[in-house]
1. On a 1.4 Å probe surface of the protein chains, which of 38, 64, 93 comes out largest in accessible area, and what is the full order?
2. How large is the Rg to Rh ratio of the chain when both quantities use alpha carbon positions and Rh follows Kirkwood?
3. Which one, 12, 33, 75, has the greatest fluctuation when you compute a Gaussian network model over the chain with C-alpha springs under 10 angstrom?
4. For residue 12, which aspartates and glutamates qualify as cross-link partners when the Cα separation must be under 15 Å and same-chain residues fewer than eight apart are set aside?
5. In terms of Cα to Cα distance under 28 Å, which lysines are near enough to residue 75, apart from those fewer than 8 places away along the same chain?
6. Using the heavy atoms of the protein chains alone and a 1.4 angstrom probe, what is the accessible area of the chain per residue in square angstrom?
7. Using only the alpha-carbon atoms, how far is helix 28-37 inclined from the longest principal axis of the chain? Give it as 0 to 90 degrees, nearest 10.
8. So, with a 1.4 angstrom probe, what is the percent of accessible area on the chain that is carbon and sulfur?
Amino acid sequence: TRIDIKATMKEKLNVDVAQHVILGACNPPIAHKALTIEPRISLLLPCNVVVRQEGNAVRVEAIEPYAMVEMFPDKDLNAVAAEASDKLRRAAEAI
């Protein structure tokens, strides 16, 4: 999924903001594992990655998967969070 915050703010509020895009970065196999353990985790899906302009720089941000698991403590979710965290870290390092 892709949400263009700049375009949405302009269209809905006629407000100009810096470039700002939210990307849905859900990994279906990992999401399925998490949902099988804890269906309420769907409240946090899709996992978002934010790409936004900050002055002359571009900032890329994502929530640490362990932070999401803290909302629904379950030892089995820790393994899923570890897998997601590893994939997210490798993707960030590749930027």
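The values are calculated or read from the model by the stated rules, or taken from the named source; none is laboratory data. Computed from a predicted model, the values in this text were never measured in an experiment. Note: accessible area is taken over every heavy atom of the protein model, side chains too, but ligands, DNA and RNA are not part of it. Shrake-Rupley method; radii C 1.70, N 1.55, O 1.52, S 1.80 Å.
1. Per-residue accessible area, sorted high to low, gives 93, 64, 38.
2. The Rg/Rh ratio comes out at 1.05.
3. Its mean-square fluctuation being the largest, the pick is 12.
4. Filter leaves 4.
5. Answer for residue 75, where 28 Å is the Cα cut-off: 33, 87, listed by chain and number.
6. On the way: 6610 Å² over 95 residues.
Value returned for the chain: 70 Å² of accessible area per residue.
7. Value to nearest ten degrees: 50.
8. Details: 3840 of 6610 Å².
Carbon and sulfur: 58 percent of the exposed surface of the chain.
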